[in-house]
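The values are calculated or read from the model by the stated rules, or taken from the named source; none is laboratory data. Small disclaimer: the values here were computed from a predicted structure and weren't measured. Cβ placement follows ideal geometry from the backbone for every residue including glycine, while neighbour counts extend to all protein chains displayed.
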Amino acid sequence: MLTARQRAFLRSLSQNRSPALQIGKEGLSGPLIRQADEYLAAHELMKVQVGRPLAADVRFLAGELAGACAAEIVQVIGHRFVLYRRSEELRREGGGIILPR
């Protein structure tokens, strides 16, 4: 579980990032979930853009994708949301995001 300070830190890191994934009218599918899972394993922080037809369900889609990828929702704003999942693989390689306590 992320603290408020950690969420604020991750929000600041995600501000300048472009969306890594776009959810279209098909919604969440197996390949899209696998792609999100692989991206989180490599980068830990991911911004997702939701297409216009699904705009009303952004918070729901964020929860579904976070649950499928064992990630945490950092922020939901407009048609975008940000997910975070700590990557043990990156930690072993000496990288990754170091969260404040």
Q: Return a yes/no flag: does region 3-17 have any residue that is touching a Cys at 6+ places or on another chain (Cβ under 6 Å) and not basic (Lys, Arg).
A: no
(Q) Which count do you get for residues in region 4-27 that are outside any helix (DSSP H, G or I), more than 13 Å from residue 83 (Cβ to Cβ) and in contact (Cβ under 8 Å) with a residue 12 or more places away in the chain? (A) 5
Q) From the set of residues in region 78-101 that are within 16 Å of residue 20 (Cβ to Cβ) and of a type in the set (Val, Ile, Thr), which is surrounded by the most Cβ atoms within 10 Å (Cβ to Cβ)? A) 82
Q) Mind checking whether some residue in region 59-69 is within 21 Å of residue 4 (Cβ to Cβ), modelled with pLDDT of 90 or more, touching a helix residue (DSSP H, G or I) at 6+ places or on another chain (Cβ under 7 Å) and of a type in the set (Gly, Ala, Ser)? A) no
Q.
Condition check: over 25 Å from residue 101 (Cα atoms) and assigned to a helix (DSSP H, G or I). Does residue 61 satisfy that?
A. yes
Q: Starting from region 51-79, keep only residues that are in contact (Cβ under 8 Å) with a residue 60 or more places away in the chain, then list their pairs with residues that are hydroxyl-bearing (Ser, Thr, Tyr) whose Cβ atoms are within a distance under 8 Å, requiring at least 6 positions of separation or different chains.
A: 72/84; 74/14; 74/84; 75/14
Q: Considering only region 28-54, state which residues are in a helix (DSSP H, G or I) and of a type in the set (D, E, K, R).
A: 34, 37, 38, 52
